[in-house]
Amino acid sequence: MAQDVKKLVDTPKEEEPLFKSIEIGVDVGGLAQKVFGSDYTSVSASITANIKNRYMPVIEIGYGKINTINESNSVAYDTKAPFIKVGADYNFFYKKPYLPGFLYGGIRICHSSFSYNISAPEMGDPVWGNITIPYSYSGVSGSSTWSEFVVGVKAKIFKNFHMGWSARYRAIISNKKTENSEPLYIPGYGMSNSSKFGFTYNLIYNLPFKK
């Protein structure tokens with residue numbers, strides 16, 4: 001018994017490597033929205049570095065597009081453009097590497113530059129009622145920067161394959177407007193006047209580093 005205790009005490013604690021793995025992920029949640037009848041599509045891929053199983057810098061690159069007409073006011077809007085998100089996650093379960101998954105929190109700084117087309121039925125002049133005013137603008141330049149606060153989980157499903165879910169609270173930092181219009185849809189963000197909450201569902205492949 002004493003020998004067993006001494007062996008446990010003398011055995012050095014195994015440390016996590018500095019670079020534990022690289023994770024390559026694809027968010028399929030945006031594609032699912034299109035399948036279920038949404039007017040917009042969004043797809044993205046991510047690369048995450050696992051440092052000490054604790055700190056996880058991440059880059060997400062994606063593409064979003066929409067072509068829709070608002071049934072209530074007949075406003076037509078379409079745009080398509082790439083977006084980028086850069087940030088880091090923190091693994092709250094870093095002391096438990098034996099678990100098949102973990103809970104994490106993080107932040108992203110996001111940006112998209114795009115051009116959009118917007119149009120609506122002609123409007124009557126409020127003073128000269130017999131005059132109509134067209135409302136149609138093409139190739140309007142837009143850009144938006146926003147932050148995302150992330151809480152999520154990742155779980156191993158088979159060997160190096162994982163899946164993950166995240167909930168995100170989004171806050172617009174800047175959103176370029178013009179005298180006549182403003183972006184209704186921001187690639188990577190979604191509808192600018194919709195809920196600030198978003199969700200992702202990711203399929204992930206883990207590339208472990210050997211010690």
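The values are calculated or read from the model by the stated rules, or taken from the named source; none is laboratory data. For clarity, every value in this text was computed on a predicted model and none was experimentally measured. Here the Cβ positions follow ideal geometry from the backbone for every residue, glycine too, while neighbour counts run over all protein chains shown. Ligands, DNA and RNA are stripped out before the accessible areas are found, and what is left, the full protein with its side chains, is counted by its heavy atoms. Shrake-Rupley method; radii C 1.70, N 1.55, O 1.52, S 1.80 Å.
Some points to look at:
- Heavy-atom accessible area per residue - the chain, 1.4 Å, Å²: 62
- Between VAL75 and ASN70, the built amide H atoms are under 5 Å apart, and every one of these is 5 or more places off in sequence or on another chain.
- Between amide H atoms placed 1.01 Å from N, distances below 5 Å from SER115 occur with LYS80, GLY142, all of them 5 or more places distant or on a separate chain.
- Positive-end residue of TYR98, VAL58, ILE69, charge dipole of the chain with Cβ unit charges: TYR98
- Across the range 113-119, computed HN-Hα scalar couplings (Karplus, 6.51 cos²θ - 1.76 cosθ + 1.60, θ = phi - 60°) run 10, 7, 10, 9, 10, 9, 8 Hz from first to last residue, x flagging Gly and Pro.
- Remark on ASN53: its backbone amide H falls under 5 Å from those of LYS20, a criterion applied only to residues 5 or more positions apart or on other chains, H modelled at 1.01 Å from N.
- Relative to one another, the C-alpha centroids of the range 83-107 and the range 158-202 are positioned 20 Å apart.
- Phi to ³J(HN,Hα) by Karplus 6.51 cos²θ - 1.76 cosθ + 1.60 over the range 98-112, Hz, x for Gly, Pro: 6, 6, x, x, 7, 9, 9, x, x, 9, 10, 10, 10, 8, 8
- Distance violations [Cα-Cα > 29 Å] among LYS65/LYS156; LYS65/LYS196; LYS154/LYS196; LYS96/LYS196: LYS65/LYS156; LYS96/LYS196
- Backbone HN-Hα couplings from phi across the range 149-157 [Karplus 6.51/-1.76/1.60, Hz, Gly and Pro as x]: 9, 10, 10, x, 9, 10, 9, 6, 10
- The range 12-73: GluC sites (Glu not before Pro) in DSSP loop, at most 14 other beta carbons within 10 Å: GLU14, GLU15, GLU71
- Over the chain, dividing the summed -39,500 (n - 2.57) contributions of all DSSP H runs of at least 4 residues by the number of residues returns a 222 nm mean residue ellipticity of -2000 deg cm²/dmol.
- Using a probe radius of 1.4 angstrom, the carbon and sulfur fraction of the accessible surface of the range 154-211 is 61%.
- Of the two radii for the range 31-113, the radius of gyration is 1.15 times the Kirkwood radius, both from the alpha carbons; that is the Rg over Rh value.
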